[in-house]
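Just below is one structure, and these are the notes that go with it.
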């Protein structure tokens, strides 16, 4: 099967690349980490105008999809430019609500999805597969919470965020621009029972695939910045990129990222076709892209030396995101376990 992007998808990626590059995302990321959301929300509006948030929803709800490959393309570019905000979680909430509608609970999708597609509403999600925290709940218009017991809740727009007792409103992750909150169930009850559990699992697969695509973009950005630095930095009268040890490290990083790329695209294709192997394919893509981005971060630190450790240097923004995305929506161990279980099932057949 061919997992390369077609001409239209490549043009979409190029458009997003130019749009985010012109926006000066590093300053927006630093502001977001301080709790100043204005520059980041301007990026959010640009993404909405480009149709990013309409990709996960069918036309019946104001979307143009579902198009998981295009979602992966958009998330790769958002990772490449370190765009802040709950983009992945908005995609996951859209998938959750659409799946509930397919199961006979259409009211939440009719209420929320058209606004999500248009970018008028920002949403985030806390679900068992993603851990106890909701990303950027302080800037979201609605916080969707799925409990382990199979209940789905939504905080009404403008409502005060419900937090677990004894918890502060915001927790800083490995990436300072990923602001986490630990919500407790509350607000409007969307649905309960098997339909919610199925929808939550489906949404988690979309979130994991989108996170894998973000990690791929982060890794590619780290590699590109490290290559540029290796060409410019001189030692003993030569560019350090000419040293064999540096070349080998950069080559290993490139190979890992290029092996992860088709896994990400293949997982998106599997999601789009509804293949029974989709959860395992998503898990494989997530672990491959997450580990490749993490390796790219380690390579970037080694090649840059001491300057790579400074928070003032923009490289640190991508390094922090690579570390955080490695475990977001599925740790490496969890993803490998899911892949192994799928392999065992195939072997038994």
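Observations, loosely collected:
- The set of residues in segment 125-144 being part of a helix (DSSP H, G or I) and buried (at least 17 other Cβ atoms within 10 Å of the Cβ) consists of 129, 130.
- Residue in segment 81-100 that is out of contact with any helix residue (DSSP H, G or I) (no Cβ under 7 Å at 6 or more places or on another chain) and loosely packed, with under 14 Cβ neighbours inside 10 Å present: no
- Looking only at residues in segment 303-345 that are under 19 Å from residue 215 (Cα atoms) and outside any helix (DSSP H, G or I), the one that is farthest from the chain's Cα centre (by Cα) is 314.
- Residue 83 satisfies every condition listed in (1) in a helix (DSSP H, G or I); (2) in contact (Cβ under 8 Å) with a residue 24 or more places away in the chain except (1).
- Residue 261 part of a helix (DSSP H, G or I), over 21 Å from residue 177 (Cα atoms) and in contact with a strand residue (DSSP E or B) (Cβ under 7 Å, 6 or more places away or on another chain): no
- The single residue among 205, 228 that is at pLDDT 90 or above and within 28 Å of residue 139 (Cβ to Cβ) turns out to be 205.
- Conditions (1) free of Cβ contacts under 8 Å to residues at least 60 places away in the same chain; (2) in contact with a helix residue (DSSP H, G or I) (Cβ under 8 Å, 6 or more places away or on another chain); (3) closer than 15 Å to residue 188 by Cα; number of the one not met by residue 63: (3)
- Identity of the residue in segment 11-58, over 17 Å from residue 141 (Cα atoms) and touching a strand residue (DSSP E or B) at 6+ places or on another chain (Cβ under 8 Å), that ends up surrounded by the most Cβ atoms within 10 Å (Cβ to Cβ): 56
The values are calculated or read from the model by the stated rules, or taken from the named source; none is laboratory data. Not measured: the values here are computed from a predicted model. With ideal geometry, Cβ positions are generated from the backbone for all residues, glycine too; neighbour counts draw on all protein chains shown.
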